[in-house]
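Sharing a structure below in structure tokens format, with a few things to ask.
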Amino acid sequence: MAFERARKQMVINQLARRGLRDARVLDAMGSVPREAFVGAELEELAYQDNPLPIGEGQTISQPYIVAAMTEAAKLLPADRVLEVGAGSGYGAAILSRVAGQIFSVERHDCLTVAARKRCQALGYDNITFKTADGSVGWPEEAPFDAILVAAGVLLPPEALKRQLTNGGRLIVPVGDASEQRLLRIRRQGEQEFQQDDLGGVRFVPLIGAEGWPE
């Protein structure tokens, strides 16, 4: 019950009061147990407004960032979504409650395995995980209605832009280690893209062929 209360307070204080309005996103944030996606030693910190370490130099993003990125993607119930950077699996779990089918790529296999186990244990059966270079997307499953990137890049990866449907949205942090902007890039034609700046953020770097070098 303590976690459930903390989750409800998180939705009210960290999300709704900061301007997030999508009822389906707020419902997802209020139903997915964030404590199940961190180590036992960090469970009591699960609903604080900050990222937490999950190993391999990676973090689980703060709840507000997960919710804000999900809301920015403007997801519909039948949408096919690619998540780049599965991490703990929490982001994919939230997406799975809002969209139809989730494909999540993670560079570290130990994180992939753990994320898959957590989501399976919770019954989130519309998520497919794999270990691969997420900067080049998932060509075999493209196109996607939305792509969310949970790591920072210097430039939006062209491979990800090409894997969007017409009208598809790419949510990606762009910038260097000192300053990043969260961008929403909407595909409007074969070579036409419209871009919105959603504000400043800070993410770990996206390592890969179209990201940062190893």
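Only one residue in Gly87, Gly91 is buried (at least 22 other Cβ atoms within 10 Å of the Cβ) and either among the basic types (Lys, Arg) or assigned to a loop (DSSP other than H, G, I, E, B) (or both), so which one is that?
Checking each option against the conditions leaves just Gly87.
Does Ala151 satisfy the condition of being modelled with pLDDT under 95 and either over 18 Å from Glu71 (Cβ atoms) or not hydroxyl-bearing (Ser, Thr, Tyr) (or both)?
So Ala151 passes the test.
I would also like to ask the following. Output the residues belonging to the stretch 80-126 that are touching a helix residue (DSSP H, G or I) at 6+ places or on another chain (Cβ under 9 Å) and among the acidic types (Asp, Glu).
Selection gives Glu83, Glu106, Asp125.
Take the conditions outside any helix (DSSP H, G or I), touching a residue at least 24 places away in the same chain (Cβ under 8 Å), out of contact with any Pro (no Cβ under 6 Å at 6 or more places or on another chain) and among the aromatic types (Phe, Trp, Tyr) and apply them to Tyr47. Does it pass?
Here the answer is yes, as Tyr47 does meet what is asked.
While we're on this one: For the stretch 139-157, give me each residue that is closer than 17 Å to Val105 by Cα and either surrounded by fewer than 16 Cβ atoms within 10 Å (Cβ to Cβ) or aliphatic (A, V, I, L, M) (or both).
Those that are closer than 17 Å to Val105 by Cα and either surrounded by fewer than 16 Cβ atoms within 10 Å (Cβ to Cβ) or aliphatic (A, V, I, L, M) (or both): Pro139, Glu140, Glu141, Ala142, Ala146, Ile147, Leu148, Val149, Ala150, Ala151, Val153.
On to the next question. Restricted to the stretch 93-144, and to residues that are in contact with an Asp or Glu (Cβ under 9 Å, 6 or more places away or on another chain) and of a type in the set (Ser, Thr, Tyr), which residue is farthest from Glu35 (Cα to Cα)?
That would be Ser135.
Looking at Arg202, Arg169, Arg184, can you tell me which residue is in contact (Cβ under 8 Å) with a residue 12 or more places away in the chain, among the charged types (D, E, K, R) and over 18 Å from Tyr64 (Cα atoms)?
Exactly one residue qualifies, and that residue is Arg169.
Anything in the stretch 114-167 that is of a type in the set (A, V, I, L, M, F, W, C), under 12 Å from Glu210 (Cβ atoms) and part of a helix (DSSP H, G or I)? List them, or say none.
Val136, Ala159, Leu160
The values are calculated or read from the model by the stated rules, or taken from the named source; none is laboratory data. Keep in mind that what you see is a predicted model, and the values were worked out from it rather than measured. Note that each Cβ is placed from the backbone with ideal geometry, even for glycine, and that neighbours are counted across all protein chains shown.
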